[in-house]
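FYI, it's all coordinate maths here, none of it is from the lab. Owing to the predicted nature of the structure, the values given are computational and were not obtained by experimental measurement. Here Cβ is always computed from backbone atoms with ideal geometry, including for glycine, and neighbour counts include all displayed protein chains.
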Amino acid sequence: MQKNNPHNEKRVLIIHTGGTIGMKKTEKGYTPVKGYLAEELKTIPDLNRADFPSWDLYEMSPLLDSSNMSVSEWNEIGRVIYEKYDSYCGFVILHGTDTMAYTASALSFMLEGLAKPVILTGSQIPLSELRSDGRDNLISSILIASEGVACEVSLYFSARLLRGNRSMKMSADGLVAFDSPSYPHLAEAGITVKYNLPALLEKREGGLKYHPFAKVPIGVLKVFPGIQFGLFEDIMTEKLSGIVLETFGAGNIPMGEGDLLPIIKKAFASGTVITVCSQCPSGTVSLGAYETSSQLKRAGAVSGRDMTTEAAVAKLYHLFSLGLDKETIKRMMEEDIAGELTK
Ligand code: ASP
């Protein structure tokens, strides 16, 4: 599908992956339907104005509720961007909100050297419904993608442009559904789009590289008061390449009864990369600040600093997919490679 606007050279590719924005109401609830979004887009006058950037639509198959997204879909989105990179000034990915922050994080690592905007967006209310937030999210995302200022993987929602690998879904039903609590917004869309230029990644040179992900066996474990770590011992084998521990505050875990430490030591001995993230949306992990975290450090865990769990998961996939050795992966988990953590 292509818009007939020969006078406008700026062309954006919309990649439709599924999600609420393009869903149709059926007897079984909202579901993505092939070809339905293309029809919806025809009914939005702004998308067809002469002063609007040109765009093409690429629909993935099958369209998915983003809860069903996995590494293969991330790879496909990355591949499409890589293959069509030279033909477009920017890319807008329509995506379900549930796992949008994971996909944004994954693409930020997968697309090395990105020098054009890649913006994920979606909506809480389908485009076909009254009061849909999808219209502004889509129109603004295309405009921002065509401007070529924020040349990184970002996420646009409710008038905010966020760094993709810093974003989190904050509300299951509010229209202000995303934020990046540990990083400033990249732009605010008011009457005009105001970019926060110092917060943007520098435009990279050297061309785009595409690093598809492998299906690396990794896990996430959220710590809670009274956790019986022994229950998790069986998963800490050499089969587990990496694990993200979601700890309290600055990286703390319960000490004493039901001790985690022997299990962490076992995981470490079997070569698992243990990354410590915080359950707090903002602030940073500081291993060793408290006695309750220094044991993790001693056991060989690495600090995820202010990385979101979403970014830590995607980064583990990425680094293992590159085939790096464990020591390099551990070192790189603590280093900033795509704007995902504060140096
Ligand atoms: N379950 C939907 C999805 O993530 C929710 C949404 O799009 O808002 O695909």
Mind listing which trypsin sites (Lys or Arg not before Pro) in segment 100-177 are in a DSSP loop and have 13 or fewer other Cβ atoms within 10 Å?
-> ARG131
Relative to the chain, whose Cα atoms define the longest principal axis, helix 71-84 and its Cα axis are tilted in degrees, nearest 10, by 40
Nonlocal amide H pairs with VAL33, under 5 Å, H built at 1.01 Å = LYS24
State the extension gain, in nm to one decimal, for the chain segment bounded by SER282 and GLU9, taking 0.36 nm per residue of separation less the distance between their alpha-carbons.
-> 94.2 nm
When you count, for each residue, the other Cβ atoms within 10 Å and take the mean per peptide, how do 117-126, 291-300, 222-231 rank with the highest first?
-> 117-126, 291-300, 222-231
Counting other Cβ atoms within 10 Å, keep those with at most 11, restrict to DSSP loop, and tell me which GluC sites (Glu not before Pro) in segment 135-221 are left.
-> GLU202, GLU205
Please give the contour-minus-distance gain from ASP173 to GLU327: 0.36 nm per residue of separation, less the Cα-Cα distance, rounded to one decimal in nm.
-> 51.3 nm
quick note, the chain, DSSP beta bridge pairs, % antiparallel (nearest 5) is 35
Inter-probe distance in nm under a simple model that places probes 7 Å from Cα toward Cβ, at GLU205 and VAL223 = 4.5
